[in-house]
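Chemist: Structure provided below as structure tokens; questions to follow.
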Amino acid sequence: MCEDIDECTSFGHYCSQLCHNTLGSYGCSCRDGFERVHMECHPKTGAPPVVMYTNERGIRLVIGSAESHKQIDLVAGQGRIASIDYDPIDKYIYWVDTSDKSIKRAIIPNLEGEPEKLGTQYPQDLQLSGLHKPTAVSVDWVARNLYFMDQESFENRPPKGRLMVTTLDGRYKRTLHDLDIESPTSLALDPESSILFWTDIGINPKIETSWMDGSRRQTLFKSRLAAPGGITVDYLSGDKRIYWADSKLNTIESAKPDGTNRAMILKNDLHHPIGLEVFGDSIYWVDSPNRDRGDIYRLNKFGRGVKVLVRGAIEFPTAVRIFQ
């Protein structure tokens, strides 16, 4: 008697969003608001995604398709932007500026107007006191909170990191974790599941997780890592896989949120990946072989096909986000 294999538990089923096991096979479907196009799920709106990226001193948006697009400077005149995130409810972007140890935000204007008339937005400093070197920021769009990582350096001992949370306007700040974190580099939330993930490139590099209230902390990975960063969540996939890049090993990997089913997505064809985002059927990342210049690429999130250049020759790139 043959035993059915549940292909949906593996990484090789290639379902863009939802996978349904059947006897001897499997089927794919899409979430509400999406439609099947071959093996992929495409938004019914048909609008092309907006690429938001940083060039260290500012934040830019690329609006439109690869054949016809426009670029606007959304935020300018900053010191060194290290991390950005987007609030889809109130249409704010949040970012970390390591030069003045601040976390700021600005509203995204109505992008249906003419891009050249949108202009540069004025940033609002959240006035979070006591920060040493904020390194990552992530928006909880469900409970309306802002999570961030901070790092304090010392002369004769390893740095000390901490994971903190505040309201979106910067009030009621508190610390969730401040033990056994050295050099946090990236942070990602899954608000619908109340789980968060972060990367640490300290003496012993690792990827950790906990519930968003700080409980149930555990280490997911501490082997085959050198400089993990850019961690992100595939919110629309059935198992909400996490993805991360390693800028020293030049790899992009993925795993289930509990740390199982770890899979290699891309290696060897990378040159210092430092940012990562999952959107639709693709992963996007910043590849920066030289700190002062880099490119944004995309690739099928299962590692199929070849990478495609999205935006090239960016000065001082640090992060990328996609929204629609």
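The values are calculated or read from the model by the stated rules, or taken from the named source; none is laboratory data. Predicted model only: the values in this text are computed from it and were never measured. Virtual Cβ from ideal backbone geometry, glycine too; neighbours counted across all protein chains shown.
Chemist: Exactly one of these conditions fails for Tyr172: (1) surrounded by 13 or more Cβ atoms within 10 Å (Cβ to Cβ); (2) of a type outside the set (A, V, I, L, M, F, W, C); (3) not in a strand (DSSP E or B). Give me its number.
Modeler: (1)
Chemist: Among the residues of the stretch 276-300, what is the count of those that are buried (at least 18 other Cβ atoms within 10 Å of the Cβ), closer than 24 Å to Asp200 by Cβ and over 13 Å from the mean Cα position of the chain (by Cα)?
Modeler: Residues that pass the stated criteria total 3.
Chemist: Can you tell me which residue is modelled with the highest pLDDT among those in the stretch 58-72 that are surrounded by fewer than 17 Cβ atoms within 10 Å (Cβ to Cβ) and among the charged types (D, E, K, R)?
Modeler: Lys70
Chemist: Among the residues of the stretch 266-275, is there at least one that is buried (at least 19 other Cβ atoms within 10 Å of the Cβ) and assigned to a loop (DSSP other than H, G, I, E, B)?
Modeler: yes
Chemist: Is it the case that Asn110 is in contact with a Pro (Cβ under 9 Å, 6 or more places away or on another chain) and not charged (D, E, K, R)?
Modeler: On the way: in contact with a Pro (Cβ under 9 Å, 6 or more places away or on another chain): no; not charged (D, E, K, R): yes.
Spelling it out, it is not the case that Asn110 is in contact with a Pro (Cβ under 9 Å, 6 or more places away or on another chain) and not charged (D, E, K, R).
Chemist: So, one more: Here are Ser215, Ser193, Ser186: which of them is modelled with pLDDT of 95 or more and not in a loop (DSSP other than H, G, I, E, B)? So that I can check it myself, show each step before the final result.
Modeler: Details: Ser215 fails: not in a loop (DSSP other than H, G, I, E, B); Ser193 fails: not in a loop (DSSP other than H, G, I, E, B).
That would be Ser186, the only listed residue that is modelled with pLDDT of 95 or more and not in a loop (DSSP other than H, G, I, E, B).
Chemist: I've got another one for you. Can you tell me how many residues within the stretch 218-240 are at pLDDT 95 or above and either touching a helix residue (DSSP H, G or I) at 6+ places or on another chain (Cβ under 9 Å) or not in a loop (DSSP other than H, G, I, E, B) (or both)?
Modeler: Going through the stretch 218-240 one residue at a time, the tally reaches 10.
Chemist: Give the residue, chosen from Asp150, Asp180, that is under 25 Å from Ser210 (Cα atoms), assigned to a strand (DSSP E or B) and among the acidic types (Asp, Glu).
Modeler: Asp150 is the lone residue from the list that is under 25 Å from Ser210 (Cα atoms), assigned to a strand (DSSP E or B) and among the acidic types (Asp, Glu).
Chemist: If you don't mind, there's one more thing I want to ask. Please indicate, with yes or no, whether at least one residue in the stretch 46-54 is modelled with pLDDT under 85 and either in a strand (DSSP E or B) or in contact with a Ser or Thr (Cβ under 8 Å, 6 or more places away or on another chain) (or both). Before the answer, list the steps.
Modeler: From the stretch 46-54, those modelled with pLDDT under 85 are 46-49; that's our starting set.
Pick out the ones that are also either in a strand (DSSP E or B) or in contact with a Ser or Thr (Cβ under 8 Å, 6 or more places away or on another chain) (or both) and you get 48.
Yes, that holds for at least one residue.
Chemist: Name the one entry in Ala245, Ala255 that is within 18 Å of the chain's Cα centre (by Cα), of a type in the set (A, V, I, L, M, F, W, C), over 23 Å from Thr54 (Cβ atoms) and crowded, with 19+ Cβ neighbours inside 10 Å. Break it down stepwise before answering.
Modeler: Numbers: Ala245 fails: over 23 Å from Thr54 (Cβ atoms).
After ruling out the rest, the residue left standing is Ala255.
Chemist: Taking the stretch 72-91, which residues are over 16 Å from the mean Cα position of the chain (by Cα) and either assigned to a strand (DSSP E or B) or closer than 21 Å to Ala143 by Cα (or both)? Talk me through it step by step, then tell me what you get.
Modeler: Of all residues in the stretch 72-91, those over 16 Å from the mean Cα position of the chain (by Cα) come to 72-80, 89-91.
Within the stretch 72-91, Ile72, Asp73, Leu74, Val75, Ile89, Asp90, Lys91 qualify.
Chemist: Any chance the stretch 278-293 includes a residue that's basic (Lys, Arg), assigned to a loop (DSSP other than H, G, I, E, B) and either modelled with pLDDT of 95 or more or in contact with a Lys or Arg (Cβ under 7 Å, 6 or more places away or on another chain) (or both)? Don't jump to the end; show me each part of the working.
Modeler: Pass one, the stretch 278-293, residues basic (Lys, Arg): 291, 293.
Checking which are assigned to a loop (DSSP other than H, G, I, E, B) leaves us with 291.
Subset that is either modelled with pLDDT of 95 or more or in contact with a Lys or Arg (Cβ under 7 Å, 6 or more places away or on another chain) (or both): none.
No, there is no match, as no residue in the stretch 278-293 is basic (Lys, Arg), assigned to a loop (DSSP other than H, G, I, E, B) and either modelled with pLDDT of 95 or more or in contact with a Lys or Arg (Cβ under 7 Å, 6 or more places away or on another chain) (or both).
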